[in-house]
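**Student:** Here it is, the structure in full.
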Amino acid sequence: MRIPFVIGNWKMNTTVAQATTLVRDMLAGLDRVKGVHKVLCPPFVSLSAVGDLLKGSSVMLGAQDMCAKTKGAYTGEISPLMLAELCQFVILGHSERRQYFGETDQIVNAKIISALKHGLRPIFCIGEKLEDHEAGMTEEVVARQLAEGLSAITGSTAIVIAYEPVWAIGTGKAASGEQAVATIGFIRDTLARLWTNEIACNLAILYGGSVTGDNIAEFVSYKEIDGALVGGASLRAEEFVHIAEQTAIIAKASH
Ligand code: PGA
């Protein structure tokens, strides 16, 4: 049985002071939620302070990106060795990295390989743009992102996949549960072909894109959807705790 995830991606929000306040506001509530992996992904500069606050709790820590290289003359980059000291997870291939920072499937692939090598669990984001969606190309796009992003990687359940249709991210226009489950089913089948059925069945595949306290139930009531990657709503302490609570209650009742 797969344990669902609720992951908060704070993106480029919160100063260190604001990040620590946000954690303090949500920690007790999140810690009480059982049967769900809870992960917070603050900006790099807050990883250490947030990590200190999470010590002794059931809430885990992740970064939002990583350089594939381990060290050297790469000004401004953050290495897996630095992250491995601080956190367990790292978001890779987020559509904002692909869109604004020119990350290709090959770059994402190198990062995933490097993260796994250094004991970090990649939260590998894939998803189609609006024009691909409207052209009926969703499956083709995610199949390519999977094949190239996971190239040369032996099947690993350390990887968490987040299906995030780009048109649903930060737009307030979430996919429907039905749309999400259809693509997530396709992703699981693709992983079974790429690796093995057993690995595909044991690997967590989440939905992301305008998830809120109001619509989380629509996604996690499908047993195929293993939780959510949450952006905007993860900056609101009470709502994020509610998302985790809903996920726990529904997963327990229906799966
Ligand atoms: P959103 O972002 O919840 O604000 O749409 C999701 C994400 O980008 O991970």
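**Student:** Given points 7 Å out from each Cα along the Cα-Cβ axis, report the Ala17 to Ala192 separation in nanometres with one decimal.
**Tutor:** Placing both labels 7 Å along Cα→Cβ, they lie 5.4 nm apart.
**Student:** Another question about this same structure. Determine the order of Trp10, Trp167 by accessible area, beginning with the largest, at a probe radius of 1.4 Å.
**Tutor:** The residues order as Trp167, Trp10, largest area first.
**Student:** With 25 Å as the limit, write out which pairs from Lys34/Lys111; Lys38/Lys129; Lys38/Lys223 have Cα-Cα distances beyond it, or answer none.
**Tutor:** Beyond 25 Å between Cα atoms: Lys34/Lys111; Lys38/Lys129.
**Student:** Show Ser234, Ser151 ordered by accessible area, largest first, where the area counts protein heavy atoms only and the probe is 1.4 Å.
**Tutor:** Accessible-area ranking of Ser234, Ser151, largest first: Ser151, Ser234.
**Student:** Say we join alpha carbon atoms closer than 10 Å with springs in a Gaussian network model of the chain; which of Pro43, Pro122, Pro165 then has the biggest fluctuation?
**Tutor:** Pro43
**Student:** With all protein chains present and a 1.4 Å probe, how do Cys201, Cys87 order by accessible area, largest first?
**Tutor:** Greatest to least solvent exposure: Cys201, Cys87.
**Student:** State in Å² the accessible area per residue of the stretch 5-254; use a 1.4 Å probe, count heavy atoms of protein chains only, and round to the nearest integer. Before the final figure, lay out the partial values.
**Tutor:** On the way: 11020 Å² over 250 residues.
Here the residues of the stretch 5-254 average 44 Å² of exposed surface.
**Student:** Further question on the same structure: Simple spin-label model, 7 Å along Cα-to-Cβ: Ser57 to His118 in nm?
**Tutor:** Going from the Ser57 label point to the His118 one covers 2.5 nm.
**Student:** To the nearest 10 square angstrom, what accessible area does Thr157 show with a 1.4 Å probe?
**Tutor:** Approximately 60 Å² of Thr157 is accessible to the 1.4 Å probe.
**Student:** On the full set of protein chains, 1.4 Å probe, figure out the accessible area of Val33 and give it in Å² to the nearest 10.
**Tutor:** In the full protein context, Val33 sits at about 10 Å².
**Student:** For the chain, what's the relative contact order in percent, using C-alpha pairs closer than 8 Å and at least 6 residues apart? Could you put the intermediate results ahead of the total?
**Tutor:** Details: 507 pairs, mean separation 55.5, N = 255.
Relative CO of the chain lands at 22 percent.
**Student:** Rounded, prolate or oblate: pick one for the chain, where a ≥ b ≥ c are the square roots of the eigenvalues of its C-alpha gyration tensor, a/c under 1.5 means rounded, and failing that, prolate if a/b is larger than b/c, else oblate.
**Tutor:** The shape class here is rounded.
**Student:** What are the residues whose amide H is under 5 Å from the amide H of His37, where those residues sit 5 or more places off or on another chain and H is modelled from the backbone?
**Tutor:** Answer set, sorted by chain and number: Phe5, Val6.
**Student:** Using a 1.4 Å probe on the protein heavy atoms, what percent of the accessible area of the stretch 5-254 belongs to carbon and sulfur?
**Tutor:** Within the stretch 5-254, the accessible surface is 54 percent carbon and sulfur.
**Student:** Here's something else I'd like to know. What 222 nm value per residue comes from the helices of the chain, counting each DSSP H run with n ≥ 4 as -39,500 (n - 2.57) and dividing by all residues, nearest 500 deg cm²/dmol?
**Tutor:** -13500 deg cm²/dmol
The values are calculated or read from the model by the stated rules, or taken from the named source; none is laboratory data. Keep in mind that what you see is a predicted model, and the values were worked out from it rather than measured. Here the Cβ is made from the backbone with ideal geometry for all residues, glycine too, and neighbour counts use every protein chain on show. Only protein heavy atoms, including side chains, enter the accessible area calculation; ligands, DNA and RNA are left aside. Shrake-Rupley method; radii C 1.70, N 1.55, O 1.52, S 1.80 Å.
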